[in-house]
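K.L.:
Attaching a single structure in structure tokens format; questions to follow.
The values are calculated or read from the model by the stated rules, or taken from the named source; none is laboratory data. Because the structure is a prediction, the values reported are computed rather than measured. Neighbour counts run over all protein chains shown; Cβ positions are idealised from the backbone, glycine included.
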Amino acid sequence: MVTVQTARQQAEQATEASTARHAIQGVLRSEARILNITYDNVELGASDFGGIYHHRPSAMVYPATADDIARVMRAVSRIPNLTVAARGNGHSINGQAQALHGVVIDMRSLKDPSSGSIHIGKEADGSFYADVGAGRLWIEVLDATLRHPGLPLAPRTWPDYLHLSVGGTLQNAGVGGQTFRHGPQISNVSKLDVVTVNGELKSCSPTSNAELFYASLGGLGQFGIITKARVLLERAPQKVRWIRVVYTDFKEFTQDQERLICGGCRGGGFDYLEGFVVANSSDEAAGWPQVPLPEGTYFNHRLLPANAGPMLYCLEIAKYFNADDVFALDQCISALLRPLRFVDGLLFHVDVSYRDFLNRVHMGEPKLRSLGLWDAPHPWMCLFVPKSNILAFDAVVFKQSKLVSKGIGGPMLVYPMLRSKWDHRTCAVIPNDEVFYLVAFLRFNLPSPKGPPVEKLLQENEEIVRLAKAANINLKFYLPHFRRQAEWQDHFGSKWNQFRLLKSKWDPKAILSPGQSIFSPSN
Ligand code: FAD
């Protein structure tokens, strides 16, 4: 949380920082000849996409190899209370990749052929995989796998934005419109290389060092530093038909989403499914102008029924295809759309290349940057809401509360996924219902004073959670952020004891990923 410090606190912190810095310089001196370390230019380590926390580390390390990381871990573990965070691409919201007065390891700098690059291989059963350096971005993985000679390949499941590192998304889960079909990204890796706090490089999989393998997936960076991951691949299609249809009734919207993800669809169903909520208004940023595909197509609001409420719900779906399947594609999509209850005439679609479809959020980035909305603070909040509570969530948050009725300055996503596609052995925390929804409030506001103060937006997030809890909605946080261990305990629920035991085994001094604020470092 943003707090005002007294002069005394600032002085104490400065002393602490200088002590830590001297200790680090001392212990890393012997490595410095071969390792790339900076002690002054550490701003990168104190920054992230959230822009709310700015915890300066004492040193930033730019490793070239997994062995560099191992040597840093061995050196650092000699200094009491010194913490270490791997930084993927710094797209956390709440300082999760920061380490106040500690050491931040920039995973993007891994360049060696073993842990910095992308190699495609084939299993005995004919399936393909890519061995990927953990600091690589998903867009780099996509480009490398699409270039596979003779047979373009790609990972099966994606986040919406591909400029996130492989190691970074695997700490959370990596969810998106393919999750209903293939599970999250943590369900689509079969092997990891992990550097432990003792500086050992361990190769792990479901059959070898399985405990560390599952701990590292969804483990919030608490158990080791992933240097390489084996990512499962499928054949990549050439093109994607990207479709949006509009609902006025939330119940019908969610029932149709569930019908589409739960099977029973002819033609194999859609390959991607998400959804979002907009205000029933002509507001450019928050209302129906957000819906049309391609952007700028006319939205005829006269087609909306007279009884439409304050919010509209947009189902976003996509079907992959190759140039020679177009006839079959039209038939298949008509059959899939026929039973759906969206508003007649409010259907938009566009055919795009597979790469452009997956990279769509990044393609909107220049516009947001030019408006000053990309480098501003982003108090985002993502929730998992069980199917049994999703109608209540719509009633108390989307329909009744004034908090979102005029939009939140960015997308409000609502889409379902299936618990059975998640592996319960990983550390990720999800609701108990077989169907549950991601509900994401992705705020893009200008910094104060042009936009609302970030504290106000954080309070609004808290109010949304309070309203939901008061309505007995049993939600879980995605990309969780808590300040007190009791809150973490509550979040993990029945997984807490196991999580704690894993921590005491793999990082007993609690030096890894301190920005998650789960455990306090101890001597
Ligand atoms: P960082 O912020 O650098 O790190 C995140 C955490 O992982 C930190 O605790 C860090 O210490 C740790 N860490 C990083 N690398 C390693 C490693 N190799 N080994 C061990 N620990 C490590 N998430 C989704 O699931 N789906 C989405 O569609 C999605 N869209 C997003 C869109 C945008 C624009 C943004 C900003 C975020 C989005 N996210 C999404 C959230 C994103 O997946 C997480 O914030 C993720 O952690 C970011 O990856 P990163 O590489 O930037 O990680």
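K.L.:
Do any residues in the stretch 157-169 that are more than 6 Å from the ligand (Cβ to nearest atom) have Cβ atoms under 7 Å from those of residues that are among the polar types (S, T, N, Q), where the two are at least six apart or on different chains, and which pairs are they?
P.N.:
Every condition considered, the pairs that remain are Thr157/Gln178; Thr157/Thr179; Thr157/Gln185; Thr157/Asn188; Trp158/Gln178; Leu162/Asn359; His163/Asn89.
K.L.:
Right, here's the next one. For the stretch 170-190, how many residues meet the condition of being more than 16 Å from Leu233 (Cβ to Cβ) and more than 10 Å from the ligand (Cβ to nearest atom)?
P.N.:
Residues flagged as more than 16 Å from Leu233 (Cβ to Cβ) and more than 10 Å from the ligand (Cβ to nearest atom) within the stretch 170-190 amount to 1.
K.L.:
So, in the stretch 361-383, exactly how many residues are away from the ligand (no atom under 11 Å from the Cβ) and outside any loop (DSSP other than H, G, I, E, B)?
P.N.:
So the count comes out to 7.
K.L.:
Go through the stretch 180-194 and give me each residue that's of a type outside the set (S, T, N, Q) and part of a strand (DSSP E or B). Step through it out loud before you land on a result.
P.N.:
Quick first cut of the stretch 180-194, residues of a type outside the set (S, T, N, Q) only: 180-184, 186, 189, 191-194.
Once the filter is applied, which keeps residues that are of a type outside the set (S, T, N, Q) and part of a strand (DSSP E or B), the stretch 180-194 yields Val189, Lys191, Leu192, Asp193, Val194.
K.L.:
Considering Ile79, Ile93, which residue is of a type in the set (A, V, I, L, M, F, W, C), in a loop (DSSP other than H, G, I, E, B), within 28 Å of Tyr478 (Cα to Cα) and in contact (Cβ under 8 Å) with a residue 12 or more places away in the chain?
P.N.:
Values: Ile79 fails: within 28 Å of Tyr478 (Cα to Cα).
Answer to the selection: Ile93.
K.L.:
Can you tell me how many residues within the stretch 77-97 are of a type outside the set (S, T, N, Q), near the ligand (Cβ under 6 Å from one of its atoms) and within 17 Å of Leu442 (Cα to Cα)? Working first, answer last.
P.N.:
Just the residues of the stretch 77-97 that are of a type outside the set (S, T, N, Q), to begin with: 78-80, 82, 84-88, 90-91, 93, 95, 97.
If we keep only those that are near the ligand (Cβ under 6 Å from one of its atoms) as well, we get 85-88, 90-91, 97.
Applying the additional criterion that residues be within 17 Å of Leu442 (Cα to Cα) yields 90-91.
Going through the stretch 77-97 one residue at a time, the tally reaches 2.
K.L.:
Would you list the strands (runs of 3 or more DSSP E) that sit entirely within the stretch 195-288 and hold 1 or more residues that are closer than 30 Å to Asp356 by Cβ and within 14 Å of the ligand (Cβ to nearest atom)? Spell out the reasoning first.
P.N.:
Numbers: elements: 201-204, 225-235, 239-247, 272-279.
It comes to 225-235, 272-279.
K.L.:
Now for a separate question. Please find, among Asn445, Asn432, Asn461, the residue that is under 16 Å from Phe384 (Cβ atoms), polar (S, T, N, Q) and out of contact with any strand residue (DSSP E or B) (no Cβ under 6 Å at 6 or more places or on another chain). Before the answer, list the steps.
P.N.:
Details: Asn445 fails: under 16 Å from Phe384 (Cβ atoms); Asn461 fails: out of contact with any strand residue (DSSP E or B) (no Cβ under 6 Å at 6 or more places or on another chain).
Exactly one residue qualifies, and that residue is Asn432.
K.L.:
Follow-up question, since we're still on this one. For the stretch 480-508, which positions are assigned to a loop (DSSP other than H, G, I, E, B), modelled with pLDDT of 95 or more and more than 16 Å from the ligand (Cβ to nearest atom)?
P.N.:
If we filter the stretch 480-508 for residues that are assigned to a loop (DSSP other than H, G, I, E, B), which is where we start, we get 480-484, 507-508.
Now drop any that are not modelled with pLDDT of 95 or more, which leaves 480-482, 507-508.
Within the stretch 480-508, just Pro508 meets the criteria.
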